[in-house]
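For reference, the structure discussed in these notes is given below.
All of the numbers you see were taken from the coordinates with simple rules; none came from a lab. This structure is a prediction, so every number in the text was calculated from the model and none was measured. Note that we place each Cβ from the backbone using ideal geometry, even for glycine, and neighbour counts take in every protein chain shown.
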Amino acid sequence: FMWPNARISVMGGEQAAGVLAQIKKDNFARAGEDWPLEDEKAFKQPIIDTYEAQGHPYYASARLWDDGVID
């Protein structure tokens, strides 16, 4: 069972997006290129949105990944 305010992910969307953005930024730096801040923000936002939607307890319960949400 899960509490309604619980999250099923190991890390939050902001942290996951930050890790993936850092990897991409390092790849740009290795190639001698610059990655604009606007592009980085555009890269991070879909990841954050996905974590927010799919980390929700009702998302998990709807897929029978747990036994339900405690009222």
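Some notes on this structure:
Yes/no per residue for (1) surrounded by fewer than 11 Cβ atoms within 10 Å (Cβ to Cβ); (2) in contact (Cβ under 8 Å) with a residue 24 or more places away in the chain:
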| site | (1), (2) |
| --- | --- |
| Met2 | no, yes |
| Gly18 | no, yes |
| Ala21 | no, no |
| Arg30 | yes, no |
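- For region 13-28, a residue qualifies if it is of a type in the set (S, T, N, Q) and more than 15 Å from the chain's Cα centre (by Cα), and exactly one does: Asn27.
- Condition broken by Ile8, with the remaining ones in (1) of a type outside the set (Asp, Glu); (2) more than 30 Å from Asp66 (Cβ to Cβ); (3) surrounded by 11 or more Cβ atoms within 10 Å (Cβ to Cβ) satisfied: (2)
- The residue pairs whose first member lies in region 49-61 and is of a type in the set (A, V, I, L, M), whose second member is surrounded by 14 or more Cβ atoms within 10 Å (Cβ to Cβ), and whose beta carbons are closer than 6 Å, counting only pairs six or more residues apart or on different chains, are Ala60/Ile8.
- In the set (1) surrounded by 13 or more Cβ atoms within 10 Å (Cβ to Cβ); (2) at positive phi, Tyr59 fails one condition alone, (2).
- Evaluation of Ala42 against the conditions (1) small (Gly, Ala, Ser); (2) surrounded by fewer than 12 Cβ atoms within 10 Å (Cβ to Cβ); (3) touching a helix residue (DSSP H, G or I) at 6+ places or on another chain (Cβ under 7 Å) shows that the sole unmet condition is (3).
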